[in-house]
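So the structure is just underneath, and the comments pick up after that.
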Amino acid sequence: MNQKDFASSKVFYDTKHFPRGFSRSGFFSKKEADMLERSGYALQELTNGNRKPATPAEEQLLTVLRGERAPGTDLEKVWIKYLKHISTKRVSYTTGMAFAMSEGGDFTDVETD
């Protein structure tokens with residue numbers, strides 16, 4: 001990869017999915033977090049079609065995104081990992097207790113089975 005590959009003057013952040021940053025998420029290694037911050041904006045622009053590929057490496061990324069080949073470089077692998085993570089729905093469970101409001105405005109326990 002040369003310096004022109006995935007070049008961007010903007011640092012990439014995803015505060016919606018990683019509000020504390022990539023490196024503090026526990027999902028990415030320090031190296032992966034650095035790659036995302038450095039090249040993520042360009043990767044996102046290429047993925048969304050807002051940027052045309054300027055180098056062979058960028059063109060190669062698009063073939064990976066189309067599913068025509070497996071990710072080969074570290075950057076391709078971390079970008080696919082990122083995309084999978086943000087597109088996976090997560091379900092969170094709470095305790096089996098439910099609450100209902102009584103006519104007087106007080107909360108009362110309701111049995112759940």
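The values are calculated or read from the model by the stated rules, or taken from the named source; none is laboratory data. None of the values given here were measured: they were computed from a predicted structure. Positions of Cβ are backbone-derived with ideal geometry, glycine not excepted, and every protein chain shown enters the neighbour counts. Ligands, DNA and RNA are excluded from the accessible area calculation, which covers all protein heavy atoms including side chains. Shrake-Rupley method; radii C 1.70, N 1.55, O 1.52, S 1.80 Å.
Loop-located trypsin sites (Lys or Arg not before Pro) in segment 5-83 (DSSP state not H, G, I, E or B) with no more than 15 neighbouring Cβ atoms inside 10 Å: LYS10, LYS16, ARG20, ARG24, ARG66, ARG69. Ignoring lysines fewer than eight residues from LYS30 along the same chain, the ones with Cα atoms less than 23 angstrom from its Cα are LYS4, LYS10, LYS16, LYS77, LYS81, LYS84. Looking at segment 1-63, which GluC sites (Glu not before Pro) are in a loop (DSSP not H, G, I, E or B) and have at most 16 other Cβ atoms within 10 Å? Here no GluC sites (Glu not before Pro) fit, given the DSSP loop and packing criteria. On segment 36-93, 51 percent of the accessible area sits on carbon and sulfur atoms, based on a 1.4 Å probe.
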